[in-house]
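Chemist: Provided herewith is a single structure, encoded as structure tokens, for subsequent inquiry.
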Amino acid sequence: MRNTLRLDPPPPVTNSPYTIGVGDVVVLSTPSTQGTVGELSGLLAAQNSRNGYTVQDDGSINIPDVGRVRLAGLTVDEGEALLFQRLVESQLDPTFSLEVAEFNSRRVSVGGAVGQPGVMPITLTPLTLSEALSSAGSVSVGDIDVSSVRIYRDGQMYQIPLEDLYSRSDLQNLHLIAGDSVFVDTDYDLNRAERYFAQQIQRVQTTVSGREIALDELTAAVTLRRADLNERRENFTQTIELDAVDRDYVYLSGEVRTQGRYTLPFNRKAVLADALFDTGGGIAKETGDASEVYVLRASNDVREFGAVTAWHLDVRNAANLALASKFELRPDDIVFIAENPVTRWGRTINQITPSLITAPINAISD
């Protein structure tokens with residue numbers, strides 16, 4: 001089903017300086033060598049104490065003797081300039097530096113098939129998709145062909161197949177933004193991803209109306225994505241049923257239960273054991289010689305004039321079955337099973353018996 005996993009990454013975002021937000025903890029530090037430290041005790045956090053101010057719901061911090069200063073939406077440099085002005089207006093020594101001690105306002109949630117699902121903060125350095133997955137304990141999937149990273153952003157759902165993610169650095173370095181939800185999905189369907197995104201909306205949204213709007217957006221995005229995936233799956237299934245897709249085959253000949261061709265699977269290897277023990281093929285127990293199993297492979301090199309390489313396997317020995325499970329089949333290989341001696345003798349008798357019977361009759365009639 002790899003062909004149905006479409007690459008649909010989110011649009012790239014423009015890098016911009018970090019802006020202070022609600023929930024961030026900022027620190028105003030003064031040099032410990034200055035005499036103003038005593039004067040600013042309780043006003044500015046000294047470098048050795050590192051006490052901070054939490055940006056409250058209205059986007060402001062409350063500084064004694066200065067009042068409320070709104071920092072939300074400002075960069076660190078802009079916030080520092082505003083605080084400098086307010087301290088000067090309050091006739092206080094403005095020797096300080098502004099730092100963000102805790103980044104709580106901008107976060108990205110990561111869940112699904114990762115080692116440690118959780119919430120990752122966006123700091124002064126942009127958070128990339130690969131960094132977020134690495135911080136969550138890296139990806140752990142069994143089948144990369146049906147696994148993808150699904151990103152929910154601003155009411156839209158995006159999809160990056162893992163095969164594309166691992167092979168392209170631009171996707172690994174994709175910048176995430178505040179509010180993104182990342183889910184590593186190991187299934188073709190969207191059920192688990194939808195539940196995870198809904199949980200994140202319930203966690204983040206504080207008002208009932210905002211929560212309902214966000215959930216409606218999620219439902220619409222999932223519905224559109226599911227309809228697209230179902231349509232692609234149905235179209236792919238129909239092309240398979242109509243034999244309209246180029247497939248690779250291995251041909252079964254000789255003393256097999258059903259002579260014909262064995263279809264090689266999509267996006268994974270097939271071995272000799274698959275062809276031998278498939279329900280439609282395998283050695284004919286009554287007539288096949290288990291000691292005479294051959295794999296014939298013609299050379300693709302025109303300079304070898306159609307040379308054929310043959311591998312012989314005696315599957316009567318149970319130890320050789322392990323070899324059958326390791327021998328990789330390639331397109332247009334021929335698996336041939338010889339007839340056993342009893343069958344060969346029986347067929348010879350059947351061929352000559354009619355002539356032995358008819359010869360005396362012909363002599364009598366003459």
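Chemist: Residue 229 passes all but one of (1) assigned to a helix (DSSP H, G or I); (2) modelled with pLDDT of 75 or more; which number fails?
Modeler: Of (1) assigned to a helix (DSSP H, G or I); (2) modelled with pLDDT of 75 or more, only one is false for residue 229: (2).
Chemist: Now a separate question. Quick check on residue 146: is it at pLDDT 85 or above and either hydrophobic (A, V, I, L, M, F, W, C) or closer than 30 Å to residue 234 by Cβ (or both)?
Modeler: No; evaluated as a whole, the condition is false for this residue.
Chemist: Follow-up question, since we're still on this one. Which of (1) modelled with pLDDT under 90; (2) more than 30 Å from residue 169 (Cα to Cα); (3) not in a helix (DSSP H, G or I) does residue 6 not meet, given it meets every other one?
Modeler: If we test residue 6 against (1) modelled with pLDDT under 90; (2) more than 30 Å from residue 169 (Cα to Cα); (3) not in a helix (DSSP H, G or I), just (2) comes out false.
Residues checked against (1) surrounded by fewer than 17 Cβ atoms within 10 Å (Cβ to Cβ); (2) among the charged types (D, E, K, R); (3) within 20 Å of residue 12 (Cα to Cα); (4) outside the structural domain of residue 62 (by TED's automatic domain parsing):
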site: 82; (1), (2), (3), (4): yes, no, no, no
site: 87; (1), (2), (3), (4): no, no, no, no
site: 93; (1), (2), (3), (4): yes, yes, no, no
site: 114; (1), (2), (3), (4): no, no, no, yes
site: 117; (1), (2), (3), (4): yes, no, no, yes
site: 125; (1), (2), (3), (4): yes, no, yes, yes
site: 152; (1), (2), (3), (4): no, no, yes, yes
site: 156; (1), (2), (3), (4): yes, no, yes, yes
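Chemist: Name every residue in the range 291-330 that is over 14 Å from residue 271 (Cα atoms) and in a helix (DSSP H, G or I), in order of residue number.
Modeler: Matches in the range 291-330: 302, 303, 304, 318, 319.
Chemist: Can I ask one more? Restricting the range 23-72 to residues that are of a type in the set (Ser, Thr, Tyr) and assigned to a loop (DSSP other than H, G, I, E, B), which is modelled with the highest pLDDT?
Modeler: 32
Chemist: Looking at residue 215, is it in a helix (DSSP H, G or I) and at pLDDT 75 or above?
Modeler: The answer is no for residue 215.
Chemist: Further question: Pick out, from the range 115-183, the helices (runs of 4 or more DSSP H) lying fully within it that include 3 or more residues that are touching a residue at least 24 places away in the same chain (Cβ under 8 Å).
Modeler: Counting at least 3 such residues, we get 129-135, 162-167.
Chemist: Here's a follow-up. Among the residues of the range 111-123, which ones are modelled with pLDDT of 90 or more and not hydroxyl-bearing (Ser, Thr, Tyr)?
Modeler: Listed by number, the residues that qualify are 121, 122.
Chemist: OK, next. All but one of (1) under 29 Å from residue 163 (Cβ atoms); (2) at pLDDT 75 or above hold for residue 278; state the number of the condition that does not hold.
Modeler: (2)
Chemist: Test each condition in (1) assigned by TED's automatic domain parsing to the domain that holds residue 152; (2) over 22 Å from the mean Cα position of the chain (by Cα); (3) over 16 Å from residue 156 (Cα atoms); (4) at pLDDT 65 or above for residue 205 and report the one that comes out false.
Modeler: Result: residue 205 passes all but (4).
Every residue, every condition in (1) among the acidic types (Asp, Glu); (2) at pLDDT 70 or above; (3) surrounded by 10 or more Cβ atoms within 10 Å (Cβ to Cβ), yes or no:
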| residue | (1), (2), (3) |
| --- | --- |
| 258 | no, yes, yes |
| 313 | no, yes, yes |
| 347 | no, no, yes |
| 364 | no, no, no |
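Chemist: If you go through the range 102-137, how many residues are of a type in the set (Gly, Ala, Ser) and more than 20 Å from residue 5 (Cβ to Cβ)?
Modeler: Total satisfying the criteria: 9.
Chemist: Return yes or no: is residue 110 among the aliphatic types (A, V, I, L, M) and surrounded by 15 or more Cβ atoms within 10 Å (Cβ to Cβ)?
Modeler: So residue 110 fits the description; yes.
The values are calculated or read from the model by the stated rules, or taken from the named source; none is laboratory data. Only a predicted model underlies this, so the values are computations on that prediction, with no experimental measurement involved. Here Cβ is always computed from backbone atoms with ideal geometry, including for glycine, and neighbour counts include all displayed protein chains.
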